[in-house]
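Trainee: Below is one structure. I have some questions about it.
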Amino acid sequence: MSMDDLAADIDRLYEMPAERAAAEGRDRVDEAVAALDRGEVRVAAPTAGGEWVVNEWVKKAILVYFRIRTNEPIEVGPYTYYDKVPLKRVTPDDGVRVVPPAVARYGSYLEPGAVMMPSYVNIGAWVGAGTMVDTWATVGSCAQVGRDVHLSGGVGIGGVLEPPQATPVIIGDGAFLGSRAIVVEGVTIGPEAVLGANVVITASTPIIDVTGEEPVEYRGEVPARSVVVPGTRAKSFPAGDYQLPAALIIGTRSESTDRKTSLNDALRTHGVAV
């Protein structure tokens, strides 16, 4: 049966109560999540023109999967967990490196060449080849992390599972996110962009390019190759003027930063903490 047929079945099951969906389509839901786990389908995928398309039926499959499963003990070596979703099984044939006690949830996909230090990747997420998910970094449900990305220690990539049509967080190929950076609410980080330490970007955070004579403001998207640092912007309230968080684009990643060995030095020339 084709993916189109599977998608149609998932759309139908999504509209059913949990008990009926379990009775009529448990195998189909399991098939969809297994395809996610193998990387055969994605929650969102880029088009040839660079736009991203959300596959709503895949998100619906995850939501139905949650509805129809029950918590049960999960034995992993000396540890016992209690959850609806098993952990992802990684073998040497997968071509990924997973450092204890890193955890990837079943239904996530790690492309060959990805590295997980002690970190967490949730169901529906996609992590590209050559990407480092560093210590205590988290990749939320359905987030799409490109190839050759570095998520530094403690980075938080938010999950966007509902509503099904919502775009997840997207991190473009070659991006670098400094320690404790946070990206949530379906924000897109363009290819090869650089976020300094502690940058926090939500859908409503002003992303202000301050490199020209006049500021240029973005929302929900960091342009490709931008170098971004934490900032603030004044806002007036009845009680007075206060500084609210913003993200400042202070430069563009130059050709000299393309080699990973020189990346930290290049960032520091912009005064960016990493």
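Taken together, the values in this text are just the output of simple stated rules run on the coordinates, not laboratory data. Quick caveat: nothing in here was measured; it's all calculated off a predicted structure. Methodologically, a virtual Cβ is constructed for each residue, glycine included, from the backbone with ideal geometry; neighbour enumeration extends over all protein chains shown.
Trainee: Using only Cα atoms, locate the centre of segment 205-230 and the centre of segment 166-183, then give the distance between them in Å, rounded to an integer.
Mentor: Distance between centres, Cα-based: 15 Å.
Trainee: Show me, bin by bin at 10 Å from 0, the whole-percent P(r) of segment 3-68 based on Cα pairs.
Mentor: With 10 Å bins starting at 0, P(r) equals 23, 52, 20, 5, 0.
Trainee: Select from Ala125, Ala166, Ala114 the residue whose mean-square fluctuation is largest in a Gaussian network model of the chain (Cα-Cα springs shorter than 10 Å).
Mentor: Ala166
Trainee: Rank the residues Tyr218, Tyr81 as a footprinting-exposure proxy: fewest other Cβ atoms within 10 Å of their Cβ go first.
Mentor: Fewest-to-most ranking of Tyr218, Tyr81: Tyr81, Tyr218.
Trainee: Hey, what number do you get for the chain at 222 nm if only DSSP H runs of n ≥ 4 count, each worth -39500 (n - 2.57), divided across all residues, to the nearest 500? Could you put the intermediate results ahead of the total?
Mentor: Working: 4 runs with 53 residues, N = 274.
It lands at -6000 deg cm²/dmol.
Trainee: Okay, moving on. Can you list the residues, at least 5 places off or on another chain, whose amide H is less than 5 Å from the amide H of Thr188, using H built in the peptide plane?
Mentor: Excluding prolines and chain starts, which carry no amide H, the hits are Ile170, Glu221, Val222.
Trainee: If you don't mind, there's one more thing I want to ask. Separation between the Leu87 and Ala234 pseudo-spin-labels, each 7 Å from Cα along Cα→Cβ, expressed in nm?
Mentor: 5.3 nm
Trainee: Follow-up. Fully extended, how many nm does the chain gain between Glu40 and Trp136 (0.36 nm per residue separation, minus their Cα-Cα distance)?
Mentor: Here the answer is 31.8 nm.
Trainee: Now for a separate question. Most fluctuating residue of Pro78, Pro101, Pro163 in a GNM of the chain with Cα springs under 10 Å: which is it?
Mentor: Looking only at Pro78, Pro101, Pro163, the biggest GNM fluctuation is shown by Pro78.
Trainee: Further question on the same structure: Want the number for Arg219 to Glu185: 0.36 nm per residue separation, take away the alpha-carbon distance, what's left?
Mentor: Separation in residues times 0.36 nm, less the Cα-Cα distance, equals 11.1 nm.
Trainee: Under a Cβ-only charge scheme (Lys and Arg +1, Asp and Glu -1), can you give me the dipole magnitude of the chain about the Cα centre, in debye to the nearest 20?
Mentor: For this selection, approximately 660 debye.
Trainee: What angle do you read, to the nearest 10 degrees and between 0 and 90, between the alpha-carbon axis of helix 56-68 and the longest principal axis of the chain?
Mentor: Roughly 60 degrees, rounded to the nearest 10.
Trainee: When only Cα pairs under 8 Å and 6 or more residues apart are kept, what is the percent relative contact order across the chain? Could the numbers behind the result be given before it?
Mentor: Working: 693 pairs, mean separation 26.1, N = 274.
It comes to 10 percent, rounded to a whole number.
Trainee: List the aspartates and glutamates whose alpha-carbon lies under 17 Å from that of Lys235, not counting same-chain residues fewer than 8 positions away?
Mentor: Leaving aside aspartates and glutamates fewer than 8 places away in the same chain, those within reach of Lys235 are Glu217.
Trainee: So, one more: Once label points are set 7 Å from the Cα along Cα→Cβ at both Met3 and Asp30, what is their separation, rounded to one decimal in nm?
Mentor: Using points 7 Å along Cα→Cβ, the separation is 2.3 nm.
Trainee: What FRET efficiency do you get for Gln243 and Ala23 if R0 is 41 Å and r is their Cβ-Cβ distance, rounded to the nearest 0.05? It would help to have the intermediate numbers written out before the result.
Mentor: Values: r = 56 Å, r/R0 = 1.36.
For R0 = 41 Å, the calculated efficiency reads 0.15.
Trainee: Thr138: net charge of surrounding residues, Cβ under 13 Å, Lys/Arg +1, Asp/Glu -1, itself excluded?
Mentor: With Lys, Arg at +1 and Asp, Glu at -1, the neighbours total +1.
Trainee: So, one more: Grab the beta carbon distance between Asn198 and Glu162, set R0 = 30 Å, and tell me the FRET efficiency rounded to 0.05.
Mentor: Once rounded, the FRET efficiency stands at 0.60.
Trainee: Roughly speaking, what is the stretch gain from Met16 to Glu75, that is 0.36 nm per residue apart minus the C-alpha to C-alpha distance, in nm to one decimal?
Mentor: Net length gain for the segment: 18.1 nm.
Trainee: Where Lys and Arg each count +1 and Asp and Glu each count -1, what net charge lies around Gly251 among other residues with Cβ under 11 Å from its Cβ?
Mentor: Computed value for this residue: +1.
Trainee: So if I take the centroid of the Cα atoms in segment 121-151 and the same for segment 46-93, what is the distance between those two points in Å?
Mentor: 14 Å
Trainee: If Lys and Arg each add +1 and Asp and Glu each add -1, what is the summed charge of the other residues whose beta carbon sits under 13 Å from the beta carbon of Pro206?
Mentor: Within the 13 Å Cβ shell, the charges total 0.
Trainee: Listing Glu255, Glu217, Glu56 from the residue with the fewest other Cβ atoms within 10 Å to the one with the most, what is the order?
Mentor: Going from sparsest to densest Cβ surroundings: Glu255, Glu217, Glu56.
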